[in-house]
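Written below as structure tokens is the structure these notes are about.
Values in this text are rule-based calculations from the coordinates and carry no lab data. No experiment lies behind these values; they were computed from the predicted model shown. So basically every Cβ, Gly included, is an ideal-geometry build from the backbone, and we count neighbours across all protein chains shown.
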Amino acid sequence: MNKLISRRILFTLATVAALAPSLAFGADGYFLTGYGPRQRALGGAGVADSRDAMAMSINPAGIVGLERMFQVGLAANLPERGYSTTGLPLVLAPGDVRSGRPIFPVPNGAYVQPIDAESAWGVATYGNGGLNTSYDFGHFKPPVKAGPGGVITVAPSFGGILGGGWAGLDLQQSFVSAVYARKFGPITVGFSPTLAIQMFNAQGLKILSPYSSNMYNFSDMAYDWSVGGGFRVGFEWRATKELRFGFAGATPMFMSRFNKYRGLIADQGSFDIPATVIAGVALDVLPNLTLMADWRHIFYSATTAGYASFPIWYGSFGAYGGSGFDWRDTDSASFGAEWRATPELSLRAGYHYSTLLMRERSATLAALAPLVGAHSVTGGFGYQLTKNSSIDFAAIYDFKNSVSYFENAPFVGRAFFPPVPLNVLPHYNTNAIITAWGRATQFTVGYNYKWDAGDNSWIPSHF
């Protein structure tokens, strides 16, 4: 029996590790609108209504009462993002500029194993993303000139939107959570230690290296890794047969530093993943119709990404307390409805709203990471193929949203060539307005398998 349990654990860990997620576009900054196709079809709602294995990604308490099952899924995210300028920008290339890299695959996976009628364990893998841009040489930032007759080069240009060639940021986050949950009467409690892995890359920022505390670990350093973790807890209260309440929270994911980019990311490369809290309610208005509403708060401002983006002095980037992305906390509301139309078919719809992550004054840096999603509509279905197998589908449309402000111009204490001292203080360039924008379409498919009662095989024998 112990060997059988060990095999199941090893098989589960190997499966979810192979499904390590990549990146996506989220409405709550880089947090996704739900994990797995059911949550995503419901607008991200479901903390109080757990019906599939991916439920543990939002509320660790949700797996008690589920049958033994596994779930795999894949999302195709098609974000559109970029920026536009009016007036005479100095820092960014002028015009209507769009980022490349239009399609991102995002897998997810989960496994649930009941222990008895009152407890269960599981493993899930999922991810965040959205801080991903790629600007080519097609848009040229002219060199900045100063001095008598404009003959002194303050900032040269080697092509690209910042004068440093191909430019962009790429952040990828993956999570693997082990979950244990137990029921105490009408209340279920879940606990989930979580391993987090990040990858980060920054390109085309070399012209800004004088503003780094370590210009040799600032830009064009290829991908760097960061590893860490934290804990999630969840509660589910079944107030009546039809009414349920859910609550979940996560500590910050305390991460190792991005050493290759300790001259770019504040506090010498520190980029922890923020803490979250989420609360919700689910009501079965009919035996086959469930309505859900969730609220989520993400503490972005407690991380280095919340540090101010203005003013930018020499040595600002990477310094302790130095320049950040100017992100603020977000609050979001998710509303979902699931109609189990027949024993085989479930229809789902949802709406998601999030407050704006980017402060208006950070529009210049937001061009490199336009996380500006606010309104999303969602929908999808689940279909039972056989007694053991089912599929899910979800679609999300994130409406176009933007943030605009005067261009953030850094301090200029000397000219690039010839070396002439200047004294241009950090300021907002009122001659130019930067508008960072984004929207996205997302599709997610998933497959679910449930073992028959009493089937102790660790690989499905029939579908």
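Shown in residue order for segment 234-248 are the 3J(HN,Hα) couplings computed by the Karplus curve 6.51 cos²θ - 1.76 cosθ + 1.60 at θ = phi - 60°: x, 9, 9, 10, 8, 5, 9, 4, 9, 10, 9, 10, x, 9, 8 Hz (x for Gly and Pro). Among S461, P370, N214, whose Cα projects farthest towards the positive end of the dipole of the chain, with charges put on the beta-carbon of Lys, Arg (+1) and Asp, Glu (-1)? My answer, from the dipole projection, is N214.
Between the residues V277, F310, I298, the greatest Cα displacement towards the positive end of the dipole of segment 249-364, with unit charges on the Cβ of Lys, Arg, Asp and Glu, is found for F310. Can you list the residues of segment 174-209 with backbone N under 14 Å from a point 7 Å past the Cα of S256, pointing along Cα to Cβ? The answer is 196-200, whose backbone nitrogens lie closer than 14 Å to the label point. The sum of -39500 (n - 2.57) across all DSSP H runs of n ≥ 4, divided by the residue count of the chain, sets its helix-only mean residue ellipticity at 222 nm to -1500 deg cm²/dmol.
Mean sequence separation of contacting Cα pairs (under 8 Å, at least six apart), scaled by the length of the chain, corresponds to a relative contact order of 19 percent. Taking other residues whose beta carbon is less than 11 angstrom from the beta carbon of H375, and scoring Lys, Arg as +1 and Asp, Glu as -1, yields +1.
Each Lys and Arg contributes +1 and each Asp and Glu -1, all at the Cβ; summed about the Cα centre of the chain, the dipole is approximately 440 debye. Under 19 Å between C-alpha atoms is the cut-off here; go through the chain and count lysine pairs that meet it, provided they're at least eight residues apart or on different chains. The number of close lysine pairs in the chain is 5. Would you mind counting up the charge near K141? Only other residues with Cβ under 15 Å from its Cβ, with Lys and Arg at +1 and Asp and Glu at -1. Net of charged neighbours comes to -1.
Packing around the peptides 105-113, 203-211, taken as the average count of other Cβ atoms within 10 Å per residue, puts them in this order, highest first: 105-113, 203-211. When +1 charges are put on Lys and Arg Cβ atoms and -1 charges on Asp and Glu Cβ atoms, the dipole computed for segment 189-243 relative to its Cα centre reaches about 160 debye.
Calculated from the structure at hand, percent of Cα pairs over 37 Å apart is found among (1) 38; (2) 26; (3) 30 as (3).
For segment 30-142, a simple Cβ point-charge model (Lys and Arg +1, Asp and Glu -1, everything else neutral) yields a dipole of about 380 debye relative to the Cα centre.
Restriction of the chymotrypsin sites (Phe, Trp or Tyr not before Pro) in segment 311-355 to DSSP coil positions whose beta-carbon has at most 15 other beta-carbons within 10 angstrom yields Y314, Y320.
Across the options V179, G73, G324, the greatest Cα extent toward the positive end of the charge dipole of segment 15-450 (unit charges at beta carbon of Lys, Arg, Asp, Glu) belongs to G324. Packing-based ranking of 440-450, 302-312 yields 440-450, 302-312, ordered from highest to lowest mean Cβ neighbour count within 10 Å.
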